[in-house]
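Q: Sending over a structure as structure tokens; questions will come in a sec.
The values are calculated or read from the model by the stated rules, or taken from the named source; none is laboratory data. Quick caveat: nothing in here was measured; it's all calculated off a predicted structure. FYI the Cβ positions are ideal-geometry reconstructions off the backbone, even for glycines, and counts take in every protein chain you see. With ligands, DNA and RNA removed, areas are computed over all heavy atoms of the protein, side chains included. Shrake-Rupley method; radii C 1.70, N 1.55, O 1.52, S 1.80 Å.
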Amino acid sequence: TSIARGGHHLLAITALIMLGFALLLDGRAGQTLPWFAVMPVLATLLSGSQAGVLWLGISSVLIVAASIAAAGHGTSRMAAVQQSLSLVSLCLANFGLAWFFESTRLRAKASVDEANREMRLVLDHVDQGLVTVDAAGRLSPQRSRALSRWFGAPREGDTLWSWVARDASAARWLE
């Protein structure tokens, strides 16, 4: 989708900018590296779990590369390795939370979609006139097929009484 594609472009630009800052700051790259841990979360929320896995890998490589580059500018190799491990662990933890959120959201959406399909099945196969209206009397799209057979398809924004009143006998009955 366009949101997923846009998310990848946004993350790629952000990664390049952050990597540039990390490399330009010489031994102080630690100030920008934690932001790489956010990238898998954003990818998961914008583009789904597979994109999150991709950006988890990219972020981890960028963290390690920037940490190694910082080791050549006054930071010891051991400190660079420790920093890399802690930030990659943070990256994994953040991604795990985002993955859990995304999978929970998808399960909830599937449950709602299934309930809507079941309701549509009921509404399409009953001979009674069932309809839902809001407080102003406007019809919702959820109604039994029988009502459309009896009164025709409602127009956009119809209220229950204006829709039913199109049938003269029903209008007299409602008065």
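Q: Which one of ALA93, ALA79, ALA51, ALA43 is in contact with a helix residue (DSSP H, G or I) (Cβ under 9 Å, 6 or more places away or on another chain), open to solvent by less than 50 Å² (accessible area, probe 1.4 Å) and over 25 Å from GLY6 (Cβ atoms)?
A: Result: ALA79 is the single residue among ALA93, ALA79, ALA51, ALA43 that is in contact with a helix residue (DSSP H, G or I) (Cβ under 9 Å, 6 or more places away or on another chain), open to solvent by less than 50 Å² (accessible area, probe 1.4 Å) and over 25 Å from GLY6 (Cβ atoms).
Q: State whether the residues of the range 157-169 include one that is in a helix (DSSP H, G or I), exposed (fewer than 15 other Cβ atoms within 10 Å of the Cβ) and basic (Lys, Arg).
A: No, the range 157-169 contains no residue that is in a helix (DSSP H, G or I), exposed (fewer than 15 other Cβ atoms within 10 Å of the Cβ) and basic (Lys, Arg).
Q: Out of everything in the range 67-76 that is more than 19 Å from GLY57 (Cβ to Cβ) and open to solvent by less than 40 Å² (accessible area, probe 1.4 Å), what residue ends up being modelled with the lowest pLDDT?
A: For the range 67-76, the residue satisfying everything is THR75.
Q: Any idea which residue in the range 107-143 is least open to solvent (accessible area, probe 1.4 Å), counting only those that are of a type in the set (S, T, N, Q) and under 28 Å from the mean Cα position of the chain (by Cα)?
A: Here the residue is SER140.
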